[in-house]
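The values are calculated or read from the model by the stated rules, or taken from the named source; none is laboratory data. It should be emphasised that the depicted structure is a prediction, and the values quoted were computed from it without experimental measurement. Every residue, glycine among them, receives a Cβ derived from its backbone with ideal geometry; neighbour counts consider all protein chains shown.
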Amino acid sequence: MDPFVNDYASRARAMVASEIRGLFAVAARPEIVSLAGGMPYVSALPLDIVGDMAGRLIAGRGAAALQYCTAHGDPGLREQICEVMELEGIHAHPDDVVVTVGSQQALDLVTRIFADPGDVILAEGPSYVGALGAFTAYQADVVHVPMDNAGLIPEALDEAIRRLAADGRRAKFLYTVPNFHNPAGVTLSAQRRGRILDICASAGLLVVEDNPYGLLGFAGEPLRALRADDAGGVVYLGTFSKTFAPGVRVGWAVAPPAIRDKLVLAAESAVLCHSSFAQLLVREYLCSQPWRDQLKVFREIYRERRDAMLDTLGAVMPSRCQWTRPAGGFYVWLGLPRGLDAKAMLPDAVSSRVAYVPGTGFYADGQGAQHLRLSYCFPDPDRIREGVRRLAGVVAAQIELRGGDSGVRQPRASAGPVGPARSRAAGPSRRWRDGQGASTLPVPASVTRMASIGQVDAASSTASSGPTSACTGLDRSSSFSRK
Ligand SMILES: Cc1ncc(COP(=O)(O)O)c(C=O)c1O
């Protein structure tokens, strides 16, 4: 019994372990194929070279790397962050950038400076679980806005804003993950981006654009960021967790000057400053290593794993299941047949040695029971195939238990090319709400096409990644060899 149980602040009472956290301990057991966590595949980095860089950083610039710095972040790193964001059409000044401890801290800081208890935050349904954790920690009231396969639905956003206004309420900001959504795996279409910005601008609503996966698309150029078209109305969040390594905990926010100043003050009171060592390591990495080539390596690895997952789902999953077909990023969002509950099914899945994240973790209001998130970023393709086969067996058994025909297929000998999405013939787009056509969600041809072409990004194959003026000044004798 906790002797201080009655002493906690009310905001601490709202803090509960996420569905994912509880799962990590179980999913880490070697016999279990974990399709649950979204851990980047950092083994694809040339770790010996990164180790070398770290050693040289301490030996050559240890007095700075091991010292305090400012909460705004290292100026050279901020310059390089601006260069990275150019790939998505953002032309920002380094002064507009605030370095954070991953984009998770940026989410915390943005919420801290905007949300009082009871304030409304609009967020896609489903939404990134870590963002929901930050919002509830500040006792914000999350109102979900539905998505479909082209991302957030503009009409639904408009409607949500109007509904709030009719109740005398106004949201503090819209939180959105436009690219390769976590957990939904879909991307906000280029056509919808302007419309979403227009709706928010006319409502005076700030947009918080969280974009960890934007450079991990499997086809074509990176999509233009929302921030690229609205510097005054968007706070953009980025991170090196997926494009370099989550262990360095380096992310950033780009914000209009007034918001930026508040973010710096909030960061100062939270952590004084960020790790100088981590910032200089990332700066050195961007200066001295062919990071654009490394992005291609990551994209190829994740594309192969995405294909392994989609091929196997198509081959073995009971026919009444539906899933999204991500064109980048880490996640597939799977809808179960009506009557099945992903959370209730999880113990059976773990007994069958496969783990996933139940959909309810991605909603603040109890929706999502009929969905689950599958990650393909970490296990190798054979493990992914095995995990999906095990999951298909669990789902089929659940369907049969309820007296239904599982429609289960015989596994194919080899996983062949990605077949057409089973749901594509289902007609016009429907929203993702349990009981509202979730099992007939169609995939627009554009998403399917992008997912199956799988070309590498032309910009990154031609662009140079040579040293810039923002380098840390270390000897750069070693650089990554292409994998
Ligand atoms: C959508 C989204 N936002 C933010 C984060 C946090 O990333 P980090 O704090 O490692 O930068 C994640 C991590 O999975 C994510 O998926």
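Okay, here's what the table says:
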item: Pairs, first polar (S, T, N, Q) in segment 114-136, second outside any helix (DSSP H, G or I) and within 11 Å of the ligand (Cβ to nearest atom), C-beta under 8 Å, six or more apart; result: Ser127/Tyr175; Ser127/Val177
item: Answer from Leu215, Leu226 - the residue that is among the hydrophobic types (A, V, I, L, M, F, W, C), in contact with a Lys or Arg (Cβ under 7 Å, 6 or more places away or on another chain) and in the same structural domain as Glu88 (by TED's automatic domain parsing); result: Leu226
item: Members of segment 217-240 found to be hydrophobic (A, V, I, L, M, F, W, C), within 11 Å of the ligand (Cβ to nearest atom) and over 30 Å from Ala165 (Cβ atoms), listed by number; result: Phe240
item: Where Arg11 falls short, out of the listed (1) crowded, with 16+ Cβ neighbours inside 10 Å; (2) in contact (Cβ under 8 Å) with a residue 60 or more places away in the chain; (3) within 30 Å of Glu268 (Cβ to Cβ); result: (1)
item: Scope segment 175-206; condition within 16 Å of the ligand (Cβ to nearest atom) and on the phi < 0 side of the Ramachandran plot; matching residues; result: Tyr175, Thr176, Val177, Pro178, Asn179, His181, Asn182, Pro183, Ala184, Val186, Thr187, Leu188
item: Yes/no for Leu310 being surrounded by 23 or more Cβ atoms within 10 Å (Cβ to Cβ) and farther than 24 Å from Gln367 by Cβ; result: yes
item: Residue list for segment 297-334, restricted to those being modelled with pLDDT under 95 and either assigned to a helix (DSSP H, G or I) or of a type in the set (Ser, Thr, Tyr) (or both); result: Ser319
item: Counted residues, segment 149-174 - those being without any contact (Cβ under 8 Å) to a residue 60 or more places away in the chain and either within 13 Å of the ligand (Cβ to nearest atom) or part of a helix (DSSP H, G or I) (or both); result: 12
item: Qualifying residue in segment 87-106 (condition: more than 22 Å from Gly238 (Cβ to Cβ) and either of a type in the set (Val, Ile, Thr) or outside any helix (DSSP H, G or I) (or both)); result: no
item: The listed residue being over 24 Å from Val282 (Cβ atoms) and either more than 16 Å from the ligand (Cβ to nearest atom) or crowded, with 17+ Cβ neighbours inside 10 Å (or both), out of Ala140, Ala59, Ala71; result: Ala140
item: Gly133 being out of contact with any helix residue (DSSP H, G or I) (no Cβ under 8 Å at 6 or more places or on another chain), under 24 Å from Leu372 (Cα atoms) and within 15 Å of the ligand (Cβ to nearest atom); result: yes
item: Test: residue in segment 3-16 that is over 20 Å from Ile259 (Cβ atoms) and of a type in the set (Val, Ile, Thr); result: yes
item: Residues being touching a residue at least 60 places away in the same chain (Cβ under 8 Å) and farther than 13 Å from Arg373 by Cα - total across segment 345-363; result: 2
item: Answer from Pro117, Pro146 - the residue that is more than 15 Å from the ligand (Cβ to nearest atom) and either within 24 Å of Ser288 (Cβ to Cβ) or assigned to a loop (DSSP other than H, G, I, E, B) (or both); result: Pro117
item: Some residue of segment 207-215 being more than 15 Å from the ligand (Cβ to nearest atom), farther than 24 Å from Gly37 by Cα and not basic (Lys, Arg); result: no
